[in-house]
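Quick note: the coordinates plus some simple rules give every number you see, no bench work behind them. Values in this document were obtained by computation on a predicted structure and should not be read as measured data. Here the Cβ positions follow ideal geometry from the backbone for every residue, glycine too, while neighbour counts run over all protein chains shown.
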Amino acid sequence: MAVVENLPSATQERPIGFGRLKRKEDARFIRGQGTYLDDIRLPGMVHGAILRSPYAHARIVSIDTSRALEHPGVAAVITAKDLETLGLAWMPTISYDTQAVLAGDKVRFQGQEVAFVIATDEYIARDALQLIDVEYEPLPAVVNARKALDPDAPLIRDDKDGQTDNLASPLWEAGDEDATNRAFAEADTIVERDIIYPRCHPAPLETCGMIADFNPKTGQLDIYNGNQAPNAHRTVYAHVAGLAEHMIRIKCNDIGGGFGNKVPVYPGYVCAIAGSIVAGVPVKWIEDRTENLVSTGFARDYIMHAEMCARDGKITGLRVDVIADHGAFDSTAQPTKFPAGFFHICCGSYDLEAAHVKVKAVYTNKAPGGVAYRCSFRITEAVYLVERMVGALALEMDADPIELRMRSFIKPEQFPYETTTGWTYDSGDYAKTMKVAMEIAGYEDLRREQAEKRERGELMGIGVSFFTEGVGAGPRKHMDILGLAMNDGADLRVHPSGKAMISISAQTQGQGHETTFAQIVAEELGIPPEDVQVRHGDTDRTPFGLGTYGSRSTPVSGGAAAVVSRKVRDKARLIASTMLETRPEDLAWEKGRWYVKGDPSQGAAIGEIARYAYSGDPMPEGLEGGLDAQVIYDPPNLTYPYGAYIAVVDIDPETAQVRVRRFIAVDDCGVRINPMIVDGQIHGGLAEGIGIALMEVISFDAEGNCLNSSFMDYLIPTALECPDFELGETVTPCPHHPLGAKGVGESPNVGSPPAIVNAVIDALHDTHGVKHIDMPCTPARVWAAMQGRPEPPQ
Amino acid sequence: MQTPPPLEYERATSVEGAIASLQRLGGEARVIAGGHSLLPMMKLRVASPSHLVDINDLTELSYIRQDGPDVVAVGALTRHAELLDSELLAEHYPIFRDAELVIADPVVRNRGTIGGSLCQADAAEDLSAVCSALRAFVVIRGPLGERVVSMDEFHVGPYTTAVKDGELLTEVRLPLRPGGGSAHEKVERRAGDWAIAAASAALWIEGGQIIDAGVALSAVGPTTVHLTRGEELLRGSSPSDELFEQVGQVASEDCAPFADGRGPVDYKRHLAGVLTKRALRRAAARAQGREA
Amino acid sequence: MQLEININGEPVSRDVEPRQLLVHYIRDTPGLTGTHWGCDTSNCGACVVLMDGKPVKSCTILAAMAEGHEIRTVESLERDGQLDPVQQGFHEMHALHCGFCTPGMLMTSRALLDENPNPTEEEIRMAISGGICRCTGYKNIVAAVQWAAQHQSAPSPAPPTPQEV
């Protein structure tokens, strides 16, 4: 680990097990020695580039590739026609839809893939794009999701048999409509809002790409790819390309950020694979930033209509109706039985009497996607909805937003708690966490300051959000993606020297797996983390798993790592009993060592046991040599982290610019394996929340042209927009997780946008009568709200 | 990443040599200095000059100096970072530091130049408004010698200046007069972004009266908006909040913004007014020695 | 055209097209893929290197323009097996997650401390505002630069092994 011998921090104790441990993976990154996709060069490698549609909706009349093929540096130009002969023109999506790999009949969104060029270098590949002549016949485009189901709306998916409208996914419902109607009938207060969660984009700093290397002599396909779900992709490629699954290897290397952007299978990947199969050399395709923003998996785009009711000061019911804009192909990624993801957790942290949720998904002439950007399968949308509605209710009731929540929270004694929409929350003490946030924020002082400032015409807002989310999908009987159960494996091998290697399915994209998983083994077995190697993200060498997204690394892979470590520990006990000539039940464990109860000087450390296990010395009856184990972990439930967030904003009364002055985040994610890494995840997610709340949006004009296709217009917060985040914690262990841990990576993105928007409304309600505003709260939009004209997107 | 189309490159070793190359190559050639306007456009393939003449070695064009009692001269190749750091400019024209702090980002400011910014002539460009408000002149050199042009003459239209093919902008000349104060106010969606609107104001105050004024706006017209009507109101008046409000009103009325991703027309007009008022307030305070 | 560019104190010669960008020239040099790219419009800062000691965006400079100047990349920070305080600071303070923006942030921080050995938090945030980090939320990057400022002159004698940082 980090040792610079004579500096003060070097004397900091290094935990064996849980605790603040500096990261092992830093060693290569701080030296610029990470190996990201574009850093990989293979002998004979050629470069791909994609020609993309300028139109949102158009018939393809002709494609003329002859000029491009004349360029001496161009090896091939692939179009839909070529792919058809390979059966690859269309591919299945994770949502059981189909998506065009290269457009043949029509283009259905601006940026859609039309042709794939393979050339000797990337500069020439891009030159060649300008030499391909495509004739289009533009068609009217469906851009407004609310109008997608109008009777006269153009039909987008005329490629699908029997598709007569733009419905992407049938109506999905959760909760109880009758009970909800009753709750509303008995309510004394009702609020109603149209709330939009606009389209935004995960935009990891490293764009998506792949090197496909097919060896025609052996039939082996090696794939280098930043990939959050490599095993699932391998299964898809085997199916789509008609290749043998055991001859496909996906190796992830270092990934420059995922955030859900690197979950889908993209046409560029299939083109690279097809190109390599046909050309017999490695083909690298890596997209530029415009391609990333315009064509890869976007996030959100939920148009929601909601009502919330209360009686006697307590929230009692919620009704939500959603139009989900899925773009031109349905490629959302979520467990099969949950086509709207986990949106129905919008019942929130409250002891409701009833809730009723309806979600309808439509096609539009925009890029496909929807589930991404740390959303926990639509929980970002759900929490935004419920926390904005609670804010609206508080305004209507003239109640303090924290007091209203406190009165309505699920109480600690009610856990495990079954919600009105079918979730079983595992553990929680919400009031405690809320109080910690209030204390860190100095809530009473803030309210006083706000009142004083208001007198002087200064606009300050305090916004609250309290979220409960469910992460770590999931139990095999409920959760699968494309028929693959959402379980994850872990393999642990302890070598003769007592050092170990743990293999897990998915490659970290910054979450620190190389450190935290070593810490789990260290905690369970007492092997120091620097002696535990974490191997991940290589389908040939790591176990099957569904990958890392939806904050499942700790709940699922972490559970697997704990269970496999305990299996090894149990085997070690049996071996130790033979070594010490005693019975296994006479041994006790202290971290790293089995010892004889009542005679602690008699014991065997894990390293000694390992050496013994590989020697020729006799093993216990029926036990094989070696010291390793394998596990596939089936989580019994999701885990339910929660948090209390408070945002403080200042708004310039004349220019309407919003500044986040402070952000207080108190998270409860159960037991924390590495608090430093947990805090870091929260900082990052809060910055994303600021981006979403104030400046990030993927928007379109009436013709379907994307207006935010570069980082000049897709604005991501810099260090100047982010305050010094103030974090707190409470720890309420997860009762069913082997380590008592819950996931946390997405919580900050889930909880922060509603806190910020509630703060903006709080700043403007008393003075300007603002009751609602949509994201992003750009200066122009905030100003319009202040004039009494809140302008929703589109 | 997107990449530029094929190009020919030459590096100028003298100003005369650069001009001669530009003359020879005609409309197919562009000068490249900081390159942070030109190269992104070439990478997106919306600009494709076949020849680039690199003038970064012409250090004789990089300077900030007082040129006699009445002029501060700034070489066209002076980088934004140098304009930001310059104590000479900060002392006489604090508007430069205001503007530079909000132009692009600190890393881009190490490359971009004042000449490049002015010649790019993007209506949202801050230094164009600054120079207009300061009543600067620019020196354009061609094969037949130099000519000096006012900012009004310099701004011809969107992305178009008085610099013709075969000519080079070499210097910006800032009139130096006593009693001056200046300020730049900008609103953007995020640090480093182009302005939604920005206002530059310069006032020269003597004996409690505004003897001269310069007001110009960024991002609210097809090119930099020179607020002549506002200046007329200011000249001969005493500085006051009411006066500045009035000029702000003129700014709202006289600018010609169009709606885009940064904002709709009414908001931009509103900002033009607010920022003009604020810039004038600070310019007056500085002229009267009140604000640092 | 034949170019020779001084990178990390060594002349690097190659025959390239005039349009080749400096970031690609650097990345095509063996061992120098630490400089990254992340956008098309000079916004993200993943490509930041030092040119004559000042941070610049190498994606917006032609390689040809860099001839005659000194380019320093992230690979130059560690000298004789000793980490630069900014590198150590990023590690101490957990100022990196995926590591993709890190080289740009390190070079920007190095240049900042060379010019301003004791920057305020505001000055640090301004200095790094030309770079985007999607992972860290910037708080720990600020802390890392402050750590490095406090440990500028401390030597780090232990050569880091693969198991140490």
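What are the semi-axes of the equivalent ellipsoid for the range C:85-150, taken as the square roots of 5 times the Cα gyration tensor eigenvalues, largest first, in whole Å? Show your work: numbers first, answer last.
Values: eigenvalues 52, 30, 21 Å².
Taking √(5λ) for each Cα gyration eigenvalue gives 16, 12, 10 Å.
For the pair the range B:137-202 / the range C:1-61, the C-alpha centres are spaced 31 Å from each other. Ranking A:GLY17, A:CYS200, A:GLY788 by how far each Cα lies toward the positive end of the dipole of chain A (charges on Cβ) leaves A:GLY17 at the top. Here the protein assembly as shown is treated with +1 on each Lys and Arg Cβ and -1 on each Asp and Glu Cβ, and its dipole about the Cα centre works out to around 1000 debye. When its C-alpha radius of gyration is set against 2.2 N^0.38 Å (N residues), the range C:2-75 gives a value of 0.97. Each residue of the range B:170-184 was assigned a 3J(HN,Hα) from its phi angle through the Karplus expression (A = 6.51, B = -1.76, C = 1.60, θ = phi - 60°), giving 10, 7, 10, 10, 9, x, 10, 9, x, x, x, x, 8, 7, 10 Hz with x at Gly and Pro. Here's the list of aspartates and glutamates a cross-link from C:LYS54 could span, going by alpha-carbon distance under 15 Å and ignoring same-chain residues fewer than 8 apart: B:GLU82, B:ASP85, B:ASP105, C:GLU70, C:ASP114, C:GLU115. Averaging 1/r over every pair of different alpha carbons in the range C:3-139 and inverting the result gives a Kirkwood radius of 15.2 Å. By the Stokes-Einstein formula, at 1.002 mPa s and 20 °C, the range A:488-633 with its Kirkwood radius over alpha-carbon pairs has D equal to 139 µm²/s. Would you list which lysines come within 25 Å of A:LYS411, measuring only between C-alpha atoms, while excluding same-chain residues fewer than 8 positions from it? Result set, ordered by chain and number: A:LYS314, A:LYS432, A:LYS435, A:LYS742.
Please report, to one decimal in angstroms, the Kirkwood hydrodynamic radius of chain A built from all distinct Cα-Cα pairs.
27.7 Å
Magnitude of the charge dipole for the range C:36-165, about its Cα centre and with charges confined to Cβ atoms of Lys, Arg (+1) and Asp, Glu (-1), is about 320 debye.
Enter the mean projected area of the convex hull around the alpha-carbon atoms of the range B:59-175, in nm², rounded to one decimal. In nm², the orientation-averaged hull projection of the range B:59-175 is 6.9. A convex hull fitted around the alpha carbon atoms of the range A:168-278 yields 170 Å³ per residue. Over chain A, Cα pairs under 8 Å with separation of 6+ residues give a relative contact order of 15 percent. Averaged across the residues of A:719-730, what count of C-beta atoms belonging to other chains lies within 10 Å of each residue's C-beta? For this peptide, the per-residue mean of nearby foreign Cβ atoms is 5.
Please list log₁₀ I(q)/I(0) at q = 0.23 Å⁻¹ for the range A:478-572, using the Debye equation with identical point scatterers on the alpha-carbon positions. Scattering profile of the range A:478-572, log10 relative to I(0): -1.16. The equivalent ellipsoid of the range A:413-560 has semi-axes of 42, 22, 15 Å, largest first, where each one is the square root of 5 times an eigenvalue of the Cα gyration tensor. Taking all Cα pairs closer than 8 Å and separated by 6 or more residues, the relative contact order of the range B:8-54 comes to 57 percent. The fraction of Cα-Cα pairs per 10 angstrom bin, counted from 0 for the range A:1-147, comes to 10, 25, 23, 14, 12, 12, 4, 0 percent, rounded to whole percents.
In order along the range A:158-165, the Karplus-derived 3J(HN,Hα) couplings, from 6.51 cos²θ - 1.76 cosθ + 1.60 at θ = phi - 60°, round to 6, 7, 8, 4, x, 7, 10, 9 Hz, and Gly and Pro are given as x. Across the range A:488-633, the mean sequence separation of Cα contacts (distance under 8 Å, 6 or more residues apart), normalised by length, yields a relative contact order of 33 percent. Placing +1 on each Lys and Arg Cβ and -1 on each Asp and Glu Cβ, with no other charges, gives the range B:180-287 a dipole about its Cα centre of roughly 360 debye. Of the trypsin sites (Lys or Arg not before Pro) found in the range A:305-337, those in coil by DSSP whose Cβ has at most 10 other Cβ atoms within 10 Å are A:LYS337.
Could you work out the mean projected area of the convex hull around the alpha carbons of chain B, in square nanometres to one decimal?
Working: hull surface 58.7 nm².
Average of the hull's projected areas for chain B equals 14.7 nm².
The alpha carbon centroids of the range A:657-685 and the range A:109-145 are separated by 41 Å.
Distance from the alpha carbon centroid of the range A:255-305 to that of the range A:723-770 works out to 31 angstrom. Could you check how many percent of all C-alpha pairs in the range B:8-54 are farther apart than 15 Å? Tail fraction, whole percent: 40.
Relative to the longest principal axis of the Cα atoms of chain B, the long axis of helix B:15-25 lies at roughly 70 degrees. Projecting the Cα atoms of A:THR582, A:MET486, A:GLY258 onto the charge dipole of chain A (Cβ charges, centred on the Cα centre) puts A:THR582 farthest toward the positive pole.
Here's the list of lysines a cross-link from A:LYS81 could span, going by alpha-carbon distance under 23 Å and ignoring same-chain residues fewer than 8 apart: A:LYS106, A:LYS160, A:LYS284.
Can you tell which of A:VAL660, A:GLY598, A:ILE520 lies farthest toward the positive end of the dipole of chain A, using +1 and -1 charges on the Cβ of basic and acidic side chains (Lys, Arg; Asp, Glu)? Projecting each Cα onto the dipole axis, the largest value belongs to A:GLY598. The phi-based Karplus calculation (6.51 cos²θ - 1.76 cosθ + 1.60; θ = phi - 60°) puts the 3J(HN,Hα) values of the range A:567-577 at 4, 5, 4, 5, 5, 4, 4, 5, 5, 4, 5 Hz, whole numbers, x for Gly and Pro. For the range B:180-287, a Kirkwood radius taken over Cα pairs fed into Stokes-Einstein (25 °C, viscosity 0.890 mPa s) yields D = 183 µm²/s.
Cross-link check: pairs A:LYS24/A:LYS499; A:LYS571/A:LYS597; A:LYS499/A:LYS597; A:LYS477/A:LYS571; A:LYS366/B:LYS186 evaluated at a Cα-Cα cut-off of 23 Å; pairs beyond the cut-off: A:LYS499/A:LYS597; A:LYS477/A:LYS571; A:LYS366/B:LYS186.
Calculate for chain B the 222 nm mean residue ellipticity that helices alone would give, adding -39,500 (n - 2.57) per DSSP H run of length 4 or more and normalising by residue count, nearest 500 deg cm²/dmol.
Numbers: 11 runs with 100 residues, N = 292.
Rounded to the nearest 500, it is -9500 deg cm²/dmol.
Over all pairs of different C-alpha atoms in the range B:164-229, the reciprocal of the mean inverse distance, the Kirkwood hydrodynamic radius, equals 14.3 Å.
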